[in-house]
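Q: Please read through the structure below; I'll follow up with questions.
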Amino acid sequence: MNKVLNHLEEWLIAFLMGGATIVIFVAVVHRYASGIPWPALQDWLLTINMSWAQELCIYMFVWMAKFGAAYGVRTGIHVGVDLLVKQLPERIRRKVILFGLLAGALFTGVVGTFGAGFVWDLTHTEQVSPDLELPMWIVFLAIPCGSYLMCYRFLQVTWSFWRTGDLPHHDESHVEGIDPPTDVVPVPKASAQ
């Protein structure tokens, strides 16, 4: 189950980010190409309506950010200020970390619940977005979906930390799919004499 959810999360983030980039690129090229004084090309380009592109990109980036935050919790890439936590004795450090993870789960669960209530109320209205004319409840569905996924990820990390004592850690020098060379001999440090 987690493996499927992990892949779905990663594919959704990649699709939203890539799709928004392509839509923005096409809209910008369209806008500047429409200004080229070639009568036939200009007339044809002006018949294409791209006014919806900005709104779509905003919604795609909102959804991507909500699911990206959950991905960040799962992989340990969220920025954290743990300088003081690392200075604590092991017994107290463990309790502080567990408290922080559970507080994150509680917060995102509450945000998801309030967001679900908000979306439920929106389903009973006729509100639509200005350019795409999407029902607004679809747009705001990112809040409960992303928040509940983030809550689940906090609980997942909490359970793993409770059992193993390890937190997910992101190594910024590691590139997935590329293994570090094994034949590199470390250079000994020069001793101060």
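The values are calculated or read from the model by the stated rules, or taken from the named source; none is laboratory data. This is a predicted model, so every value here is computed, not measured. Ideal geometry is used to build each Cβ from the backbone, glycine not excepted, and the neighbour counts take in all protein chains shown. These accessible areas exclude ligands, DNA and RNA; they are computed on the full protein's heavy atoms, side chains included. Shrake-Rupley method; radii C 1.70, N 1.55, O 1.52, S 1.80 Å.
Q: Take the chain, connect every pair of alpha-carbon atoms lying under 10 Å apart with a spring to form a Gaussian network, then pick out the residue of Ala53, Ala70, Ala33 with the largest mean-square fluctuation.
A: Among Ala53, Ala70, Ala33, the largest mean-square fluctuation in the Gaussian network model of the chain belongs to Ala33.
Q: Let me ask something else about it. Considering only Thr158, Thr21, Thr47, give the residue with the highest GNM mean-square fluctuation for the chain, with springs between Cα atoms whenever their separation is below 10 Å.
A: With Cα springs under 10 Å in the chain, the top fluctuation among Thr158, Thr21, Thr47 is at Thr47.
Q: Enter the angle in degrees (range 0 to 90, nearest 10) between the Cα long axis of helix 2-33 and the first principal axis of the Cα atoms of the chain, meaning the one along which they spread out most.
A: So the helix axis and the longest Cα principal axis differ by about 40 degrees.
Q: Considering only Val81, Val119, Val128, give the residue with the highest GNM mean-square fluctuation for the chain, with springs between Cα atoms whenever their separation is below 10 Å.
A: Val81
Q: Hey, another quick one. Ignoring everything but the protein chains, give the 1.4 Å probe accessible area of Leu102 in square angstrom, nearest 10.
A: 90
Q: Kindly sort Cys151, Cys145 by accessible area of their heavy atoms, largest first, with the probe set to 1.4 Å.
A: From most accessible down to least: Cys145, Cys151.
Q: Continuing with the same structure: Return the whole-Å distance between the Cα centroid of the stretch 14-74 and the Cα centroid of the stretch 111-142.
A: One Cα centre to the other: 22 Å.
Q: If you don't mind, another one. Let me check something: with ligands and nucleic acids excluded, how do Thr75, Thr125, Thr164 order by accessible area (1.4 Å probe), largest to smallest?
A: Most to least solvent-accessible, the answer reads Thr164, Thr125, Thr75.
Q: Calculate one ³J(HN,Hα) per residue across the stretch 49-57 by plugging θ = phi - 60° into the Karplus curve 6.51 cos²θ - 1.76 cosθ + 1.60, and present them in order as whole Hz with x for glycine and proline.
A: Karplus-based 3J(HN,Hα) across the stretch 49-57 equals 8, 10, 5, 7, 4, 5, 4, 4, 5 Hz.
Q: Note the listed values (1) 1.13; (2) 1.15; (3) 0.96, then indicate which one is Rg/Rh (Cα atoms, Kirkwood Rh) calculated from this particular structure.
A: For Rg/Rh (Cα atoms, Kirkwood Rh), the calculated option is (1).
Q: Let me ask you something else. Give the accessible area for Asp131 in Å² (nearest 10); use a 1.4 Å probe, count only protein heavy atoms, and leave out ligands, DNA and RNA.
A: Probe radius 1.4 Å; accessible area of Asp131 about 80 Å².
Q: Here is a further query. With all protein chains present, how much of the accessible area of the chain (probe radius 1.4 Å) comes from carbon and sulfur, to the nearest whole percent?
A: The value for the chain is 70 percent carbon and sulfur by accessible area.
Q: Leaving ligands, DNA and RNA out of it, rank Ser160, Ser129 by accessible area with a 1.4 Å probe, largest first.
A: Descending accessible area places them as Ser160, Ser129.
Q: Follow-up. Sorted by mean Cβ packing within 10 Å, highest first, what order do the peptides 6-15, 57-66 take?
A: Top of the packing list down: 57-66, 6-15.
Q: Right, another one. Give the relative contact order (percent, whole number) for the stretch 3-67; include only Cα pairs under 8 Å separated by 6+ residues.
A: 49
Q: Below 8 Å between Cα atoms, with a sequence gap of 6+, how large is the relative contact order for the chain in percent?
A: Relative contact order of the chain: 24 percent.
Q: For the chain, report the accessible area per residue in Å² (1.4 Å probe, heavy atoms, rounded to an integer).
A: With all protein chains present, the chain gives 73 Å² per residue.
Q: List the residues whose amide H sits under 5 Å from the amide H of Val128, counting only those 5 or more places along or on another chain, with H placed 1.01 Å from N in the peptide plane.
A: Met136
Q: Given q = 0.17, 0.18, 0.21, 0.22 Å⁻¹, what are the Debye log10 I(q)/I(0) values for the stretch 1-95, with equal point scatterers placed on the Cα positions and solvent ignored?
A: Log10 of I(q)/I(0), two decimals: -0.85, -0.89, -1.00, -1.04.
Q: Can you tell me which of 90-100, 104-114 comes out highest on packing, and rank the rest after it, using the mean Cβ neighbours within 10 Å?
A: 104-114, 90-100
Q: Using +1 on the beta carbon of Lys and Arg, -1 on that of Asp and Glu, and nothing else charged, what's the dipole of the chain about the Cα centre, debye to 20?
A: So the dipole magnitude of the chain works out to roughly 940 debye.
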